Structures are given as structure tokens and as C-alpha cells.
Amino acid sequence: MKTCSVTLSNSRSSRMISPRQSVHTIYRTLILRHPNLTFTLLEKEKELSLHQTGHNSGVIHSGIYYTPGSLKAQLCVRGAMLTYQYCQKKGVPYKKCGKLIVAVEREEIPRLKALYERGQVNNVQDLRLIDAKAIREKESYCRGIMALDSPNTGIVDWQLVALTYGKDFQEAGGTVITDFEASDFKVAAESAAGSAEGLKYPIIIKSSQGKEVRCRFVLTCGGLYSDRLSEISGCSSEPRIIPFRGDYLVLKPEKNYLVRGNIYPVPNPRFPFLGFHFTPRMDGSVWLGPNAVLAFKREGYKLFDFDTQDFVNAVSYRGVQKLVMKNIVYGMGEIYRGVFTSAQVKNLQKFIPELSPSDVLRGPSGVRAQALDAEGNLVDDFVFDGGKGELGSRILHVRNAPSPAASSSLAIAEMIADELEKRFQL
């Protein structure tokens, strides 16, 4: 089970534990605010940022898409600004290569204009609607009838950013313990003879290897396993995390000239996911995609990766059954396009007609931790909760941190640090 844990202790005998991009940022923020506390971050893997953070597209989102007033909108706009400032300060390479959201059909224009209005309400800077001629001036090979130009959208290596957060955390006095897979949370029954350990640190976290860590408070940021971490701590298992794999294509290096910046479609509200897009990378490559298909393993990055518990957990859930029935045609299309490269390229040719199946190679995959409710609705915003009783009241769970969580990470850290200080009286 994926867990990063953080332990903090101070002269009041406070200690806190947390089990992902967000967690590195949160504890960096906390330790900088509270240098008198001692923090320990527990990580399931042998090193940090191997899963969602290490497999995402690398985009710094500007905050256009999100419902005005939502946490997504507020945190993304501020988070993007903080990200650029942080990368500049730390010398982390990034590029403000911009993004075009391109309408290729007339029926998309009202939705595109609505996105522009939404971006304005969300205080996204420097947005403008441009015509076909201006599209070609920015992206020579892209064809569209209108586009929303977002010049402040950028790209960065988010894994490098997360590792830099982790370095900050350790340099400020924090400790990182890797290879610690949390398997149980419980309240200590009593203190060991001649020790006040149980009274000072009443919460015990056990690893699957039999190791133990004691603490007073717990913050979990479990990503693909956030629902299971909540459940084993005695808190709610809802919303359920359902893994969706996204498979990318990669342009052959000699074809990278076809794309300068990010090129995205106009979102279709009938479909649950955004759709294929063109994403330049910091290493000079260009990713195309992804699709979105149900993964049969929570950390299953390959087509045939399978885990019985994960599979049964997904397909037996009423929310998944309802989601599949509502989107069965779309889902079958995603599977088809995932298998047949030419089908993916056909969609991409709507934007860059010069693209051909011979121009692409199969690329990497990522797995998205998608929160889903029992009615089959994707949980679209950030979700944080805790529980009751001696154990539950000492835990704060980050239950859902979907895209743009990386772009929002520094702003998320501020918000969660505020909540922890209030809830646990740090």
C-alpha cells in the first residue's frame, strides 16, 4: 500500500505521521513554519515520487477549466504562480511554452468561449481568443477555426520538482524513511514499563514488514491507496479510488518540429475525461495522448498488469458499474484507440493533419487515482476528511487530489498546513 508518513514531535510531545507530490510539499511547508518540530516522512517505495508524480505529463496548468469558486480553481491559479517562483528560486528548469485549446468544429466555439469566460472569472492571466491565422502563427502545423491562447501554461519535470521539495524537507531537519508500507493504524493500549511513550505518542503505525512508528497525529496522502488508508484507520472508505491508466504515444524525434507548445481539444461535457492532447516535454520529446481506460491494478502501468484484489475492488463497486453503463461507447472507443495506434493518430490528425501513424511510437503510461462516488460520478474536486474517536480524530486524510494537483501543490500545502495547525493545535 502506498504511504508516505510524516512524524512530528516538539517539546509538547507532539508527533504526527502521514502516508505523494502533495505530501513532499506539505511537510516542506510545515517544517519551514515549525522548525521546532521534528518530522519524519514514511514512503512505501525505495525512493520518492515513483508513481503519479513520476508518470504525469509535466504540464503546469493555469486554472482555466475549473468551476469558479472551487478548490481546484483557487489552488491551481495560486499554485501555478508559486510553482514558477519556486522553480526560479531553486534553479529547476521549466518552460512557459503556452497552450492552445483548439476548436476544430463550429459546434465547439460556444464551449470555447465559455472556457474563456471561466478563465477570466478564475483570474487566469493573459488569456485571449484567437482565429485560424493566429493559430498558425503560434503553431505552424496546427489547424483550427478558433483557439483559446493561454501563454502562462508551462511544462516542468514534476518528479524533479518533488525531489527538490524532498531535499528542502531534509535540509530543514526532516527525516525520510523509505520502504515503509503502512498496513495498520491503532491506538497504543498502554505505555511500556518505565516509559511514557504510549501517553506521548498514542498512535502506532505498522508496516507490512513489521516495523512500527509511534505518533500523536497522522496525515495521509496515499494517492492510489488513499481510500484503503482511510479504511484501515477506521475512517470512511468513500469516495472509492478507481485506477485509470493513460497510455501515451511519442513523436519520433525527427517529427518534434510539428509541435511547439501544448495543444489541447475543447472538452466535451458528454465524456468524463479531457481527451487526447499534444504535450512537449522538458527533455525535448513530445507526448501525444493519453487515453483513459480502467486499470486492473492500482500501480499497473502495462496493458496486462493485473491484481485480483484491485480488479475485484473496482468491478464490484456500484459506482464503477454505473460509470461504465453511462459511458460504455466512450469506454470501448478508448480501449480500441489504446490497442490500435492508427485510431489514436486519426483523432490527433484533426489538429495536425500532417501527422501520420508512421510518425509515432508507443510511449509511457500513467495511472490516475480517480475518486468515484457510489452513483458513478467522478469526484472532481479535492477532498479532505478525518474521523472520530481516539484514532480518527488524530488523522487527516487527503482523499482526492486530482489533476491539477501537481500544479497546485504549493497552494495545497499552504491550505493543508493551515488545517493541520487548526485541527491539531500545532
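The values are calculated or read from the model by the stated rules, or taken from the named source; none is laboratory data. Note that this is a predicted model, so its numbers are computed, not measured. Cβ atoms come from the backbone with ideal geometry, glycine included; neighbour counts cover every protein chain shown. Ligands, DNA and RNA are excluded from the accessible area calculation, which covers all protein heavy atoms including side chains. Shrake-Rupley method; radii C 1.70, N 1.55, O 1.52, S 1.80 Å.
In segment 155-178 there is no residue matching the filter, namely being small (Gly, Ala, Ser) and at pLDDT 95 or above. In the condition set (1) assigned by the TED database to the domain that holds residue 333; (2) part of a loop (DSSP other than H, G, I, E, B); (3) of a type outside the set (Ser, Thr, Tyr); (4) touching a helix residue (DSSP H, G or I) at 6+ places or on another chain (Cβ under 8 Å), residue 234 is compliant with all but (1). The numbered conditions (1) under 27 Å from residue 284 (Cα atoms); (2) open to solvent by 40 Å² or more (accessible area, probe 1.4 Å) are all true for residue 113 except (1). Out of 320, 312, 324, 293, one residue alone is under 16 Å from residue 370 (Cα atoms), hydrophobic (A, V, I, L, M, F, W, C) and open to solvent by 40 Å² or more (accessible area, probe 1.4 Å). It is 324.
A count restricted to segment 393-417 and to residues that are hydroxyl-bearing (Ser, Thr, Tyr) and open to solvent by less than 10 Å² (accessible area, probe 1.4 Å) stands at 3.
Scanning segment 61-83 turns up one or more residues that are surrounded by 17 or more Cβ atoms within 10 Å (Cβ to Cβ), modelled with pLDDT under 95, among the basic types (Lys, Arg) and not in a loop (DSSP other than H, G, I, E, B).
If you check residue 390 against the conditions, is it assigned by the TED database to the domain that holds residue 34, modelled with pLDDT under 90 and open to solvent by 50 Å² or more (accessible area, probe 1.4 Å)? Against the criterion (assigned by the TED database to the domain that holds residue 34, modelled with pLDDT under 90 and open to solvent by 50 Å² or more (accessible area, probe 1.4 Å)), residue 390 qualifies.
Quick one: which of 365, 342 is at pLDDT 90 or above, among the hydroxyl-bearing types (Ser, Thr, Tyr) and under 23 Å from the mean Cα position of the chain (by Cα)? Only one candidate qualifies: 365. If you go through segment 347-362 and keep only what is open to solvent by 30 Å² or more (accessible area, probe 1.4 Å), part of a helix (DSSP H, G or I) and at pLDDT 95 or above, you end up with 357, 358.
Just give me the residues in segment 196-229 being within 18 Å of the chain's Cα centre (by Cα) and of a type outside the set (Lys, Arg), in sequence order.
Taking segment 196-229 as the starting set, the residues that turn out to be within 18 Å of the chain's Cα centre (by Cα) are 219-229.
The answer is 219, 220, 221, 222, 223, 224, 225, 226, 227, 229.
Is it the case that residue 278 is over 14 Å from residue 55 (Cβ atoms) and open to solvent by 40 Å² or more (accessible area, probe 1.4 Å)?
Numbers: over 14 Å from residue 55 (Cβ atoms): yes; open to solvent by 40 Å² or more (accessible area, probe 1.4 Å): no.
Taking the combined requirement at face value, the residue does not satisfy it.
Of everything in segment 10-39 that is of a type in the set (Val, Ile, Thr) and at pLDDT 80 or above, the residue that is nearest to the chain's Cα centre (by Cα) is 26.
With respect to residue 216, determine if the residue is in contact with a Lys or Arg (Cβ under 7 Å, 6 or more places away or on another chain) and open to solvent by 20 Å² or more (accessible area, probe 1.4 Å). Lay out the reasoning, then the answer.
Details: in contact with a Lys or Arg (Cβ under 7 Å, 6 or more places away or on another chain): yes; open to solvent by 20 Å² or more (accessible area, probe 1.4 Å): yes.
It is true that residue 216 is in contact with a Lys or Arg (Cβ under 7 Å, 6 or more places away or on another chain) and open to solvent by 20 Å² or more (accessible area, probe 1.4 Å).
Return yes or no: is residue 420 assigned by the TED database to the domain that holds residue 288 and open to solvent by less than 10 Å² (accessible area, probe 1.4 Å)? Don't jump to the end; show me each part of the working.
Details: assigned by the TED database to the domain that holds residue 288: no; open to solvent by less than 10 Å² (accessible area, probe 1.4 Å): yes.
No, not satisfied.
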